[in-house]
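Scroll down for the structure; my scribbles are underneath it.
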Amino acid sequence: MRYIILNKKISYKEIQSRKKYIEKVTNMYFIPYDIDGGIEFRSIPSTSIDCLFIVGHNFSVKYYLKNNIVSEKNIVIVSCGFIIDSAIKAGKTIYLSHTNKGKTEYYDGTEWNLNFNVSKEELKIINLKGSFMEKVRMVFRRSA
């Protein structure tokens, strides 16, 4: 599994908080790597969950998906709404955060001991029971 945060100005504090978050919701260990435009966390082992979880502004997410090879079958996107190219959708199951008039709502995560702005969906999966992908299916909307 990979968890990607597309934010060029991500702080060390946010990196540590996001690492703890993804480890909690997946029950796996992750190692952070710098990538162009943000940070990527890779699970140990990397193939245990067939999923790319990506968080960022819609233009950054669209650019990343268009310009990188995504080998994972499942893609979870936390971003404001955008049109996903059919070439990206081919053979993939895509899950999206819910939007209000095209915008994903974020909350100040410090209320939940998270040092980053967090979406409703990200908050919901923290305490759900089941596998990570079961949690995703319960909370995120599936792309048509």
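Quick look at the values:
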read-out: Qualifying residue in segment 87-96 (condition: within 22 Å of Asn7 (Cβ to Cβ) and surrounded by fewer than 14 Cβ atoms within 10 Å (Cβ to Cβ)); value: no
read-out: Subset of segment 66-78 (residues that are farther than 22 Å from Val139 by Cα, touching a helix residue (DSSP H, G or I) at 6+ places or on another chain (Cβ under 8 Å) and not charged (D, E, K, R)); value: Val70
read-out: Residue list for segment 48-80, filter: without any contact (Cβ under 8 Å) to a residue 40 or more places away in the chain and assigned to a loop (DSSP other than H, G, I, E, B); value: Asn68, Ile69, Val70, Ser71, Lys73, Ser79, Cys80
read-out: Which numbered condition Glu111 fails, given (1) farther than 20 Å from Lys9 by Cα; (2) surrounded by 15 or more Cβ atoms within 10 Å (Cβ to Cβ); value: (2)
read-out: Filter pass, Asp50 being loosely packed, with under 15 Cβ neighbours inside 10 Å and under 23 Å from Lys103 (Cα atoms); value: no
read-out: Of all residues in segment 18-47 being aliphatic (A, V, I, L, M) and surrounded by 13 or more Cβ atoms within 10 Å (Cβ to Cβ), the one that is nearest to Met133 (Cα to Cα); value: Val25
read-out: Helices (runs of 4 or more DSSP H) within segment 82-142 that include 1 or more residues under 14 Å from Val25 (Cβ atoms); value: 120-124, 132-139
read-out: Residue that is surrounded by the fewest Cβ atoms within 10 Å (Cβ to Cβ) [pool: residues in segment 114-138 that are within 16 Å of Ile5 (Cα to Cα) and among the charged types (D, E, K, R)]; value: Glu121
read-out: Matching residues, segment 29-46, being in a loop (DSSP other than H, G, I, E, B), free of Cβ contacts under 8 Å to residues at least 40 places away in the same chain and over 15 Å from the mean Cα position of the chain (by Cα); value: Asp36, Pro45
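None of the figures in this text is laboratory data; all of them are computed from the coordinates on show. Remember, it's a predicted structure, so these values are computed and weren't measured experimentally. Cβ: placed from backbone, ideal geometry, glycine included. Neighbour counts: every protein chain shown.
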